[in-house]
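Each remark here refers to the structure printed beneath this line.
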Amino acid sequence: MLRLALTAGEPAGIGPELLVRVAQLPWSAELVALADPAQLADLAARLHLPLQLHSYDPAEPRRHQPGALSVLPVPLAEPVRHGQLNPANAPAVMAMLTRAAEGAESGEFAAIVTAPVQKSVLNQGAVRFTGHTEFFAERVKRPVVMLLVADRLRVALQTTHLPLRAVADAIKPDELSNTLCILHRELRERFKIDTPRIAVLGLNPHAGESGHLGREEIEIIEPVLNAWRAEGMQLIGPLPADTAMVPSRLAAFDAVLAMYHDQGLPVLKYAGFGHAVNMTLGLPYIRTSVDHGTALDLAGQGVADPGSLIAATRLALDLISERQ
């Protein structure tokens, strides 16, 4: 039986509540929650939802039943106050991620589905952390790509969590080539698209306007695209971001590669917020996540929307099925 590891994320945010809500649905795999079981039980009582917690046993797969979860306990250091960050619990958050990664690397888990974390409090807790994508990349020691998926709209990022002033220096030929290779390969292997059509956005306004607004397109992006076109990739661009990301043009692409975080994600989140999925390409296993943050202002109120975590769990299972 397939097993999915679901990490609860920031305990003061909505992640643990989302796990309780996802547990209410039928699933074709065992869901293993990496979380503090006492917190899950408390949240289920607050939400007036049934939740039977089973101790996770790697040797005995358990078929999922709505209203139940297998739990791999990760105790918190201090009690949670919803919406109030506590650096003392940062090590527990990292322990969830580390254990999930170990299980996926060994084949114990078929996929990892992550609830949101709060980067600031992890760093305050003496944990160097820039994001899930970077965490998993560092573990496997290979390039990875962040991809956001909302139905047929797929937006990948060349750079992820960088200050804007650092983005231009990070656009380098080798890194761009790696990204295109990973994106093309995984669109074929994971999404079963035989000949992916990938739109590549320029870095500068108007894609540099023939060098008048920046030369990254001419000196870096276009040569890399031409090299991969010679190998048979269907690459369109570099395109101006403001005109490429309109519905009539997006329909012609299987994926869009944006040069930086806030170039591509605002459009995707506008189109699919609440049911979009963040996934990491290039890993030897499947990892999906929500498209939103910890929503500290909603934590503990019973109003958090589980739509994105449901979509992330469903996509993970769909991608596993495609591989089998």
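The values are calculated or read from the model by the stated rules, or taken from the named source; none is laboratory data. Just so it is clear, the structure is predicted and the values come from calculations on it, not from any experiment. So basically every Cβ, Gly included, is an ideal-geometry build from the backbone, and we count neighbours across all protein chains shown. Accessible surface areas use protein heavy atoms only, side chains included; no ligands, DNA or RNA. Shrake-Rupley method; radii C 1.70, N 1.55, O 1.52, S 1.80 Å.
What the table shows:
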| item | result |
| --- | --- |
| Near pairs, Cβ below 9 angstrom, 6+ apart or cross-chain, from the stretch 48-69 (acidic (Asp, Glu)) to any residue that is assigned to a strand (DSSP E or B) | ASP57/SER70 |
| Output for the stretch 106-122, where each listed residue is assigned to a loop (DSSP other than H, G, I, E, B), in contact with a helix residue (DSSP H, G or I) (Cβ under 7 Å, 6 or more places away or on another chain) and either hydrophobic (A, V, I, L, M, F, W, C) or under 23 Å from PHE191 (Cα atoms) (or both) | PHE109, ALA110, ALA115, VAL117 |
| Test: SER70 is touching a strand residue (DSSP E or B) at 6+ places or on another chain (Cβ under 8 Å) and over 14 Å from GLY302 (Cα atoms) | yes |
| ASP242 among the acidic types (Asp, Glu) and assigned by the TED database to the domain that holds THR133 | no |
| Which numbered condition ILE220 misses (of (1) surrounded by 14 or more Cβ atoms within 10 Å (Cβ to Cβ); (2) in contact (Cβ under 8 Å) with a residue 40 or more places away in the chain; (3) under 24 Å from the mean Cα position of the chain (by Cα)) | (3) |
| Qualifying residue in the stretch 21-41 (condition: in contact with a Lys or Arg (Cβ under 6 Å, 6 or more places away or on another chain), of a type in the set (Asp, Glu) and open to solvent by less than 70 Å² (accessible area, probe 1.4 Å)) | yes |
